[in-house]
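Colleague: Let me begin by handing over the structure; questions about it come next.
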Amino acid sequence: NVLKLQGKVNPQRAASIASSYLTRAMSSDERIFIDRVGFYTLLHALSRSNKFEDAVTARNAWEWIEKSDRVDVVLTSEACNLVTIAYSKNKTEEAAAEVLSFLSDLIHRYRQGDKDTVLPTKVGFSAAFIPLCATNRTNDALSLLKIIKALNIVPDAGCYISMLSALAGRKSTNGAVYAHKVFQQMKEDLEDVPTAAFNAAINACAWVSGSPVGERKALEIAFEIFQQARKENSYDSVTFGLIIKACMHLSKDDNARMKLIQPVFELCAKNGLVGSMVEREMRHLASRLIPGKLPQEWTKNAKDKK
């Protein structure tokens, strides 16, 4: 209870307390009793930390319990999720390698028939995709996706959104190509693709930075995904904001940029989806297309309007 309260007030402090306790427990010669709830609480504290060392402690603690005689009492799939979530807070090559190693070991033992091996749920695998995709290891993430499907763990939209979101937020040369690959796999696996997934894929394209050829390819992919969103009636004001953002970032010629943006903005206004993001991106253009005060008809369906 004290650790839970500390977690609400100061998550990093709670993680430090959990790490210290588990480190002492693992190194002690005396047998220390930890029940299922207590172990989950300790891992939960570690999973909220942004320190790589706390993720390592979570894995070490998991493997310590695996070697004990309480494995079937303490370990659960939900607790295993917390180990991969801890790694997901660190979008580094080291975290990507560690989380893949952790899962690969679990999967290998599970396939070998080890009845005590506990796997994470799709939530835990989804968290593992984040450091992998954030460090240009999207192919490894897709390979892991294939494995979990073979284990009869059915991925949901959240798995793909985790991959796509991890590809955004950082400059890359191949983010759009990877986003397209993930998006196509999602289309194959899911009957309905949610708007959030379309948005995440377009956003990944918008962050591409590199050669003119690469940026042009990224813009083509962004528009392909945008048109699919329109076709499936799975778009919102953020979708329009993101495709305009992609045009702003990936088209360097002012005239070409305006030719791309003008019909998109006109369609957006017609649908009443001029939200805060669209307005912000358009005002960056100092464009004659957007007046000082927006007509109510332009914004009536925008969920992100001011």
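The values are calculated or read from the model by the stated rules, or taken from the named source; none is laboratory data. Because the structure is a prediction, the values reported are computed rather than measured. No Cβ is skipped: glycine too gets one built from the backbone with ideal geometry, and neighbour counts run over all protein chains shown. Areas reflect the complete protein model, heavy atoms only, side chains present, ligands, DNA and RNA absent. Shrake-Rupley method; radii C 1.70, N 1.55, O 1.52, S 1.80 Å.
Colleague: Place a +1 charge on the Cβ of each Lys and Arg in segment 1-52 and a -1 charge on the Cβ of each Asp and Glu, then give the dipole magnitude about the Cα centre in debye, rounded to the nearest 20. Numbers along the way, then the final one.
Modeller: Details: 8 positive and 3 negative charges, 57 e Å.
In debye, rounded to 20, segment 1-52 gives about 280.
Colleague: Sticking with this structure for a sec: Say we join alpha carbon atoms closer than 10 Å with springs in a Gaussian network model of the chain; which of Ser47, Ser68, Ser172 then has the biggest fluctuation?
Modeller: Ser68
Colleague: Looking at this model, which pairs from Lys146/Lys181; Lys8/Lys67; Lys4/Lys67 are more than 23 angstrom apart at the alpha-carbon? Walk me through the intermediate numbers first.
Modeller: Details: Lys146/Lys181 14 Å; Lys8/Lys67 31 Å; Lys4/Lys67 27 Å.
Violating the 23 Å limit, Cα to Cα: Lys8/Lys67; Lys4/Lys67.
Colleague: Next question, about the same structure. Provide the per residue accessible area, probe 1.4 Å, for the chain, rounded to a whole number of square angstrom. All intermediate terms of the calculation are to be shown ahead of the outcome.
Modeller: Details: 15020 Å² over 306 residues.
So the chain comes to 49 Å² accessible per residue, rounded to a whole number.
Colleague: Please report the net charge: other residues with Cβ closer than 14 Å to the Cβ of Ile85, K and R +1, D and E -1.
Modeller: Numbers: positive: Arg48, Lys51, Arg59, Lys89, Lys91, Lys122; negative: Asp54, Glu78, Glu98.
Result for the local shell: +3.
Colleague: Let me ask you something else. Just to confirm my numbers, what's the Cα centroid distance between segment 91-140 and segment 178-211 in Å?
Modeller: Their Cα centres are 22 Å away from one another.
Colleague: Could I ask something else about it? Rank Ser104, Ala128, Tyr235 by how far each Cα sits towards the positive end of the charge dipole of the chain (+1 on Lys, Arg Cβ; -1 on Asp, Glu Cβ) and give me just the farthest.
Modeller: Value: Tyr235.
Colleague: Can you list the lysines whose alpha carbon sits under 28 Å from that of Lys300, skipping same-chain ones fewer than 8 residues off?
Modeller: Within the straight-line limit of under 28 Å, Lys300 reaches these lysines: Lys231, Lys245, Lys259, Lys270.
Colleague: With all protein chains present, how much of the accessible area of the chain (probe radius 1.4 Å) comes from carbon and sulfur, to the nearest whole percent? Don't jump to the answer; show the numbers that get you there.
Modeller: Details: 7510 of 15020 Å².
After summing per-atom areas, the C and S share lands at 50 percent.
Colleague: In addition: Sort Ile148, Ile85 by heavy-atom solvent-accessible area, probe 1.4 angstrom, most to least. Walk me through the numbers before you get to the answer.
Modeller: Values: Ile148 0, Ile85 45 Å².
Result of the area sort, largest leading: Ile85, Ile148.
Colleague: Using the Cα centre of the chain as the reference point, and only Cβ charges (+1 on K/R, -1 on D/E), how large is the resulting charge dipole? Debye, rounded to the nearest 20. It would help to have the intermediate numbers written out before the result.
Modeller: On the way: 41 positive and 34 negative charges, 224 e Å.
Rounded to the nearest 20 debye, it is 1080 debye.
Colleague: Tell me whether segment 8-139 comes out rounded, prolate or oblate; compute the Cα gyration tensor, take square roots of the eigenvalues as a ≥ b ≥ c, and use a/c under 1.5 as the rounded threshold. Could the numbers behind the result be given before it?
Modeller: Working: a/c = 1.89, a/b = 1.15, b/c = 1.65.
It comes out oblate by the Cα gyration axes.
Colleague: Which Cα, out of Ile161, Met248, Ser68, lies furthest along the positive dipole direction of the chain (beta carbon charges, K/R +1, D/E -1)?
Modeller: It is Met248.
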